[in-house]
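Step one of this worksheet: look at the structure below.
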Amino acid sequence: MKTYEILNLLSQFLAAIGTIAAVITALYLANRDRKPFLIVNSSKFALIHNAPKATTDYMMIHITNSGLRPITIVNAGWKIGIFKPRTSIQFFNNRDPLGTVLPKELKDGESLSVSLLWDDFVLKSIPDILGDRKYSILCKLKGYFKIYIATSISRTPVSIPVGEAIRVEMLKHLQTKINSGK
């Protein structure tokens, strides 16, 4: 085999690899816009009332659509566990100071905030989901406790770990509960 034949064979081989790479890239870029891209944050905030020293604590979930297509947020809830996770849909009632009603459609760049009374979240929602599981494990392990967002365009819900501030607040609540003997 002569040198120019080897170079010709090598150039055809490299052209075939380039063609396959171009097809894979095109398919990836075409399907990328189909998935929901959400930015989800969680935090604790206090609503200050007109009465002196009167505040109410809330757990807030803030969701932003960072994708290119509209997404309808169907419901939100909690996912707890690693090997056998339990999920729970959270109903946001009329005590929500933001007045959010789900389902809600979010266009590109739009945001949604939902809130829940902190006491309802810590004293009712979490123990109902956990059942016999240890509350302290939930607070200590990162990734064990997640926010669960169901959308209209995805078969699998989006699960994002709760923020560090929420975990710290839950540990404080747990310490208070242990110290008081309840």
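Across all C-alpha atoms in the range 1-61, the radius of gyration and Dmax reach 29.8, 94 Å.
The packing ranking of peptides 62-70, 145-153, highest mean first, is 145-153, 62-70, where packing means the average number of other beta carbon atoms within 10 angstrom of each residue. Once the other residues with Cβ under 11 Å from the Cβ of I160 are scored (Lys, Arg +1; Asp, Glu -1), what is the net sum? Here the count lands on +2.
Each value in this text was obtained by applying a stated rule to the coordinates, not by laboratory testing. Worth saying up front: this structure is predicted, and the values here are computed from it rather than measured. Glycine also receives a Cβ, built like all others from the backbone with ideal geometry; neighbour counts cover every protein chain displayed.
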